[in-house]
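Trainee: Sending over a structure as structure tokens; questions will come in a sec.
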Amino acid sequence: MSYKPQRAIKRAVAAGRDDYELHDQEWQKIGLAAPARRALVDAKLYKVSDLRKITLTELTAMHGMGKSAIARIKVIMEAKKISFR
């Protein structure tokens, strides 16, 4: 069964979930804590590939982004061969 993001979003809306829950699914899979996930969603960064739009300095400056979250993000980005701007 393939992943259908539109279906997942429709189910989430029907279940009354908030905006964060609709957009932080990829960050939850990585295992980021809620404050880091909220910081990324607030910055309209919904998936790992979106991190190409920002610098490491900008990521580090986000409120809620701790050392552990940054370390996890760097590992995932390296595995996917994605780099910061």
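Trainee: Suppose we keep only residues that are surrounded by 11 or more Cβ atoms within 10 Å (Cβ to Cβ), free of Cβ contacts under 8 Å to residues at least 12 places away in the same chain and under 13 Å from the mean Cα position of the chain (by Cα) within the stretch 43-69. Which one would you say is nearest to Gln28 (Cα to Cα)?
Mentor: Leu45
Trainee: For the stretch 20-35, which positions are of a type outside the set (Phe, Trp, Tyr), assigned to a helix (DSSP H, G or I), surrounded by 15 or more Cβ atoms within 10 Å (Cβ to Cβ) and under 8 Å from the mean Cα position of the chain (by Cα)?
Mentor: If the condition is that a residue be of a type outside the set (Phe, Trp, Tyr), assigned to a helix (DSSP H, G or I), surrounded by 15 or more Cβ atoms within 10 Å (Cβ to Cβ) and under 8 Å from the mean Cα position of the chain (by Cα), then His23, Gln25, Glu26 are the ones that fit.
Any read-out appearing in this document is the output of simple, stated calculations on the displayed coordinates, not a laboratory observation. Fair warning: this is a prediction, and the values are worked out from it, not measured in the lab. Methodologically, a virtual Cβ is constructed for each residue, glycine included, from the backbone with ideal geometry; neighbour enumeration extends over all protein chains shown.
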